[in-house]
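Here is the structure we will look at, set down as structure tokens.
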Amino acid sequence: MRYDSVTDIIGDTPLLRIDPAVHALRSVDLYAKLELFNPFGSVKDRAAWNMARPGLPDALARGSQVVELSSGNTAKALALIAGMHGLGFKSVTNRMKVPEIKDLLLLLGAEIEELPGRSECLDPTDTQDPLTRFHQALGEGGGTYLHTDQYFNPRNADAHAAGTGPEIVRDLDGRAPDFFVACVGTAGSSTGVARVLRAHDPDVEVVGLVAHKSDFVPGIRTIDEVQEVGLFDPAVYGRIDAVTSGEAIDGMLTLARRCGVLSGPTGGAAYFGAVRHLRAVDEELTASGRRASAVFIVCDRIESYLGYVRTRRPDLFGAEVRGASAAALSEDEVAKAASVDVAGARAWIAQADPLVVDLRSPFAYAALHIAGSVNIVDELFEELVRDGLPFSRSQPVLLACPVGERSARYAALLARLGHPDVRSLAGGIVAWRDGGGELVRE
């Protein structure tokens, strides 16, 4: 096969039937849509090209820079597309959590701007968040940017309605699958594919997967974050389930070791969530003698996430598993973690002088923080506690994060390690600000 442009290779990815001996479903044919075979390595290649393509001639004439609020695969694809057309690319985000992708973007010549925002993704309802303000400024027009706007651009979902969805139907001999399981990030792929599948069969069940609260799975929002995405429509999904980072890694390992598919953790989450959901359905199908088909998407490749996996599962790399980990906590332990509201925290600080630990990024901390607090970003905090309590038991500890979820998890972890008085700031720095708590800048 010969091509004139690498963008001509985007799409038409394989649909792989997963060996039933791997998933053990007796009456369900489970297929993986292998989007990792796109030329830039992910499902985002389709949306990036579809969103950028119409504006490229004008951007080139004006000497514009392509810009997107992305720290992942969309940024990677746009950086490559921009470079191919003689344009620069700027990635704007509150925080880049996957170092390999950040390094790749820098290698590609991209400009990266990390803002001191509070959440990991755009929240249009938070008008004080720097990322939201930047997005609003882009929407006012008149600038020099080519803004692809993945969170609101309908061409994001349209790329999958024109490509991914019809390809699935074609490869299933003109039929829609009975089940479609998709991780929800910008909601572009799940929305676009579901539109096509339901046009063929209105009874297709669509299962959306989000990351478990206070956990991080690359490319997937939590149930709270996903509500903030402009393309997200709850009516698309018959149900929405949560997956943990541990489950995503387990699914990724199964795809790699048993199926020869070098999936990243997002694809692993999709496989794990699909099999978990279909297991109950399979029993009913087997009892009735009927069969069904299901499709999930393998979004990208494993190589960019080795650091992510190493942090959570060092044993997979031959390293000794040291100490306690937040990932090992039960939800019951997290729910029982001590917390304190803003008024209580202010009084406690005045009376007991606890050590206040801010778990947010250095950018967010530098912008505004509680006076006297120290900044230990959450990944470093996790590493610190692996060797035991990093603080004296004699001093109380107040943990603060953006919205009080990760701080609750780490408060539970310190309590498990024997700290007698550790509390999580309920609602995080956002609640502290809204409650009139003083924030300082250094």
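The values are calculated or read from the model by the stated rules, or taken from the named source; none is laboratory data. Bear in mind the structure is a predicted one, so any value in this text is a computation, not a measurement. In this analysis, Cβ positions are derived from the backbone assuming ideal geometry, glycine residues included, and neighbour counts consider all displayed protein chains. The area values use the complete protein model at the heavy-atom level, side chains included, leaving out ligands, DNA and RNA. Shrake-Rupley method; radii C 1.70, N 1.55, O 1.52, S 1.80 Å.
What the table shows:
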quantity	calculated
Mean separation of Cα contacts under 8 Å (6+ apart) over length of the stretch 286-421, as relative contact order %	29 percent
Relative contact order, percent, the chain [alpha-carbon distance under 8 Å, six or more residues apart]	14 percent
Cα lying deepest toward the dipole's positive end in the stretch 251-379, options 292, 264, 338, charges on Cβ	292
Derived scalar couplings ³J(HN,Hα) [the stretch 365-380; Karplus, 6.51 cos²θ - 1.76 cosθ + 1.60; whole Hz; x for Gly, Pro]	4, 5, 6, 7, 7, 5, 4, x, 6, 10, 9, 10, 4, 4, 4, 5
Cα gyration tensor shape for the chain, rounded if a/c is under 1.5, else prolate or oblate	oblate
Part-to-part distance (alpha-carbon centres) for the stretch 157-230 and the stretch 67-91, which is given in Å	23 Å
The stretch 282-353 versus the stretch 383-442: alpha-carbon centroid distance in Å	18 Å
The chain, accessible area per residue, ligands and nucleic acids excluded (1.4 Å, Å²)	42 Å²
Solvent-accessible surface ranking, highest first, for 310, 198 at 1.4 angstrom	310, 198
Per-residue [θ]222 nm for the chain (sum of -39500 (n - 2.57) over DSSP H runs n ≥ 4, rounded to 500)	-11500 deg cm²/dmol
Helix axis angle, 73-84 relative to the chain longest principal axis, alpha carbon, degrees	60 degrees
Pairs from 44/90; 76/102; 97/213; 33/213; 76/97 whose Cα-Cα separation, in the structure shown, is over 21 Å	33/213
Nearest 10 degrees, 0 to 90: helix 265-288 Cα axis against the chain principal axis	60 degrees
In degrees, nearest ten, helix 245-259 long axis to first principal axis of the chain (Cα)	30 degrees
At most 11 other Cβ within 10 Å, DSSP loop - chymotrypsin sites (Phe, Trp or Tyr not before Pro), the stretch 1-104	3
Portion, in percent, of the accessible area of the chain that falls on carbon or sulfur, probe 1.4 Å	51 percent
Restricting the stretch 1-105 to trypsin sites (Lys or Arg not before Pro) in coil, as DSSP defines it, with at most 16 other Cβ within 10 Å	2, 26
In the stretch 233-332, the GluC sites (Glu not before Pro) that fall in loop regions by DSSP, at most 16 other Cβ within 10 Å	320
Isotropically averaged projected area of the stretch 221-264, using the convex hull of Cα atoms (one quarter of hull area), nm²	4.1 nm²
